[in-house]
Amino acid sequence: GTSSFTPSTEGLWTLPNGTVWVKHFDMEMQRGVPSSKKRIETRLIVKNSTGAYGVSYRWNEAGTEATLASDAGENFTLAVTEGGNAVPQTWRIPSRAECMVCHTQEAGYALSFNTRQLNLENDLLGFSGNQLTTLHQQGYLTASVGSPNLLPRHLRPDEEDTSVEARVRSYLAVNCSYCHAGASGTA
């Protein structure tokens, strides 16, 4: 709670040891019915002095408690329906080693935690506005990264005033490049 991130305009941010990123995975158990969403898994990446490590928690059927998944990972079947028909889906909780295939030092451990990815309007910590500005105003950054409208950012698919190529490149950068990066950390 007292450490800060050191941002970089284009490169990886410097992250303090003890930083924990949490990602929840929910799924509609009846496709097309948002109210049927169920929490399936919660993944954590923890930054430490030697790099980082990942752990996953599997939620019980009631969604009231999560237990630490096996080091080797887990496969299980979800009872999903679509149009009244059963369409079972296999879910894979990755092993701890599998987590680190993508969450590498070259990728900055926490995928997408950089200026380009965070430069967007959102509700964050009870504040609405640009996430970079909010993080700086709340003391989570050691320095301001500057005016968000002058910083790089990923394009949304619905930004039709930009080229399709630019939007596709943003999509690939957000969804693919972190895991498919070369040794230099570039896609």
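The values are calculated or read from the model by the stated rules, or taken from the named source; none is laboratory data. Since we're looking at a predicted model, the values are computed, not measured. When we count neighbours, we look across all protein chains shown, and the Cβ atoms used for this are built from the backbone with ideal geometry, even at glycine. Just so you know, the surface numbers come from the protein's heavy atoms only, side chains and all, with ligands and any DNA or RNA stripped out. Shrake-Rupley method; radii C 1.70, N 1.55, O 1.52, S 1.80 Å.
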| message | What would the Debye equation give as log₁₀ I(q)/I(0) for the stretch 34-85 at q = 0.14, 0.29 Å⁻¹, counting only Cα atoms as equal point scatterers? | response | -0.51, -1.19
| note | Given backbone amide H placed at 1.01 Å from N, residues whose amide H is under 5 Å from that of residue 52, ignoring those fewer than 5 places away on the same chain, are none
| With every protein chain in place, the chain: carbon and sulfur % of accessible area (1.4 Å) | 51 percent
| Rg [Å, one decimal], Dmax [Å, integer] - the stretch 35-122, C-alpha atoms | 16.1, 50
| What is the magnitude of the charge dipole of the chain about its Cα centre, with +1 placed on the Cβ of each Lys and Arg, -1 on the Cβ of each Asp and Glu, and no other charges, expressed in debye to the nearest 20? | 300 debye
| task | Choose one of 136, 66, 24: the residue whose Cα lies farthest towards the positive end of the charge dipole of the chain (beta-carbon charges +1 Lys, Arg; -1 Asp, Glu; about the Cα centre). | result | 66
| task | Find the relative contact order for the stretch 56-150 and round it to a whole percent, using C-alpha pairs within less than 8 Å whose residues are 6+ positions apart. | result | 14 percent
| field | Sum of -39500 (n - 2.57) over DSSP H runs of 4+, divided by residues of the chain (222 nm, nearest 500) | value | -4000 deg cm²/dmol
| remark: Unit-weight point scatterers at every alpha-carbon of the chain, Debye formula, q = 0.15, 0.18 1/Å: log10 I(q)/I(0) is -1.12, -1.36
| request: Using the 4.7 Å Cβ rule, please list in number order the cysteines from the chain without any candidate partner. | output: 99, 176
| query | So what is the accessible area of the stretch 1-154 per residue, in Å², with the probe set to 1.4 Å? | reply | 57 Å²
| task | Stick to the Cα atoms of the stretch 59-166, pair each with every other, and give me the Kirkwood hydrodynamic radius in Å at one decimal. | result | 18.1 Å
